[in-house]
Amino acid sequence: MNPSPLRWPRHLLWALPALALLAGCNGGDNTKPAPTHALATYNSATWDALPNVADNDLLAGFGSWRSACTRLKADPVWGATCAAAATVPQTPEAIRGFLKEHLQVYGLRSGNGSSTGLITGYYEPVYPGSLTQTQVANVPVYGVPEDMIIVALDSLYPELKGKRLRGRLEGRVLKPYDDAATIESKGTKAPVIAWLTDPMDLQFLQIQGSGRIQLDDGRQLRIGYADQNGHPYRPIGRWLVDQGELKKEDVTMGTIAAWAKAHPARIPELLGSNPSYVFFNRNPDSNEGPRGSLNVPLTSGYSVAVDRKVIPLGSLLWLSTTRPDGSSLVRPVAAQDTGGAITGEVRADLFWGTGDAAGQLAGDMKQQGQIWMLWPKGVALPKVPEVPDAP
C-alpha cells in the first residue's frame, strides 16, 4: 500500500517470507548446476473454464482494474488494452464482450503443477494517536532517518534489480542500520510524524504497511510505508510459538494483541524478536483507498497484492476462493500491490478495506483458492524465474 515495490509484509504473523541468498562460488569447471524448475506456469484455458461471477462483482472488478490505466498508458503490456477499455460501457454485457475480444485466459499453476494456493487478506488499520507527544500518546511513528544510506546495486548487478542495502556511515565504513530493538529503546535521527498510544499498534501498522491515525479533533492522519531499516522480517507470531505462548494454529492479530495486553512487561522482548523496522511518510488526506505498489488507490474487495515475479502489476485476474466463513468468493481482481510475504506460485493477498471490520476479515483470511490471469492477446507471457528443485 505504497508506491514502492519493496513494501514490507503486512499481516502474515507466522509465515517467514522467503529470503534471497547471494552466494559466491569458486568451484571448478566440473561443478554441475543444481536442477531447477519454473516458479510457476501459465496454462492456456477457455473462457468456459472460469467459474461464474455475479454482474455486480464483474463491474466492480473491472472498474478496479481500469482505475489503474492512468498509470499504464505507456506500459508495453497493458497500454493498448487500457486505451481500448476507456470507452467500454459499464454494463456486464459490454465488459464480457471486451474481455473476450482482447484477453486470453491462463490458469496459474505452481511449479509442481498444483492449481490451488494460499489466499490471504490485508487492510488499512485505524489507531488512536496525536500529532504531539502526550502522556498517553508516547509511541513515535518515525519518518525516514536522516542518517540512513540506501545503496542500489542493480546498475552493476542487474540480477539484483529491486534489492537495496541500507546502513549508516561510520567513518568510511557502511555499517548495518539499527535493528528494531535499538530504535525502540534509543530512538533514531528521524522526524516524528505522529505519536501512537500503544506499541503493539505501531507493530501492526508496520506489518500492514499503511494506516490511519485517529486524532482527538476527529481528523484522521493517513500514513504509508516510506522505507525500512534493512533487517530481515521475523514474524512475532513465530516467536510466541517458539516460546510456547501460543499454538501455531492460534496465531492471529487478535491473539497476539491479547497476549501483549496480558504480558505488558514482555512487549519489548516480543517486538525485539523482529529486527525489521518500517519508516513512514504522511499521505494526502482523502477518502480514497490507500495506494498500493502501482501508486493507485486500492479498491476494497477488488485489489490484490501479488508476487510480481509471477504476476506483473496491472494484471487483471480471476479469483476463486472462499471467505473466512466458507462462503464462495469469485470475482475479477486487479493486481495493484506487492508485499514481502506475498511470494511465489498461486498466491494473492486481498485488500479488504479500512477499519476494524475489514481487519477482522483480513486477520481470518487464510483460504485456498485458484487464480486465472487474463492476459492481452498477442503479448508474450511473463518470463518466470527458475527456482531450485526440492532436495
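Extents of region 167-239, taken as max minus min of Cα coordinates on every principal axis and listed largest first, are 48, 31, 20 Å. Once you sort the root eigenvalues of the Cα gyration tensor of region 101-148 as a ≥ b ≥ c, which label holds: rounded (a/c under 1.5), prolate (a/b larger than b/c) or oblate (the other case)? Cα axes put region 101-148 in the prolate bin. Two decimals is fine: what is log10 I(q)/I(0) at q = 0.13, 0.28 Å⁻¹ for region 265-337, from a Debye sum with one equal scatterer on every Cα and no solvent? Taking Cα atoms of region 265-337 as identical point scatterers yields -0.62, -1.21. When you count the other C-beta atoms within 10 angstrom of each residue and take the mean per peptide, 356-366, 165-175, 294-304 line up highest first as 294-304, 356-366, 165-175.
For region 75-215, what is the charge dipole size about the Cα centre, in debye to the nearest 20, if Lys and Arg each add +1 at the Cβ and Asp and Glu each add -1 at the Cβ? Intermediate results must be reported in sequence, preceding the final value.
On the way: 13 positive and 14 negative charges, 61 e Å.
For this selection, approximately 300 debye.
Only Lys, Arg, Asp and Glu carry charge here, each on its Cβ (+1 for the first two, -1 for the last two); on that basis region 61-122 has a dipole of about 80 debye about its Cα centre. Of the options TYR233, GLY254, SER300, report the single residue whose Cα projects farthest towards the positive end of the charge dipole of the chain (beta-carbon charges: Lys, Arg +1; Asp, Glu -1). Of TYR233, GLY254, SER300, it is TYR233. For the residue pairs LYS73/LYS377; LYS163/LYS309; LYS73/LYS163; LYS261/LYS366; LYS163/LYS383; LYS248/LYS309, the C-alpha atoms sit more than 21 angstrom apart in LYS73/LYS163; LYS261/LYS366; LYS248/LYS309.
For region 254-317, a simple Cβ point-charge model (Lys and Arg +1, Asp and Glu -1, everything else neutral) yields a dipole of about 100 debye relative to the Cα centre.
Per the Debye formula on identical point scatterers at the alpha carbon atoms of the chain, with no solvent, log10 I(q)/I(0) at q = 0.07, 0.09, 0.13 Å⁻¹ is -0.34, -0.57, -1.15.
With no solvent and one point on each alpha carbon, what is the Debye value of log10 I(q)/I(0) for region 121-206 at q = 0.16, 0.21, 0.23 Å⁻¹? Rounded to two decimals, the profile gives -0.79, -1.04, -1.12. Anisotropy class assigned to region 172-315 is rounded, per the alpha carbon gyration tensor with a/c under the 1.5 cut-off.
Derived scalar couplings between HN and Hα for region 231-238 equal 8, x, 7, 10, x, 5, x, 4 Hz in order, rounded to whole Hz, by the Karplus curve 6.51 cos²θ - 1.76 cosθ + 1.60 (θ = phi - 60°), x for Gly and Pro. Within region 58-153, the percentage of alpha carbon pairs spaced more than 17 angstrom apart rounds to 74%. Over all projection directions, the Cα-based convex hull of region 302-391 averages an area of 7.1 nm². Annotation: ILE193 carries an accessible surface of approximately 40 Å², with a 1.4 Å probe and no ligand, DNA or RNA atoms counted.
Mind checking region 228-278 for trypsin sites (Lys or Arg not before Pro) that DSSP puts in a loop (not H, G, I, E or B) and that have at most 13 other Cβ atoms within 10 Å? Each step should come with its number before you reach the end.
Working: sites: ARG238, LYS247, LYS248, LYS261, ARG266; in loops: LYS247.
Answer by residue number: LYS247.
The values are calculated or read from the model by the stated rules, or taken from the named source; none is laboratory data. From a predicted model like this one, the values you see are computed outputs, not experimental measurements. Quick reminder, even Gly has a Cβ in these numbers, built from the backbone with ideal geometry, and neighbours come from all protein chains shown. Side chains are part of the model used for accessible areas, which takes the heavy atoms of the whole protein and leaves out ligands, DNA and RNA. Shrake-Rupley method; radii C 1.70, N 1.55, O 1.52, S 1.80 Å.
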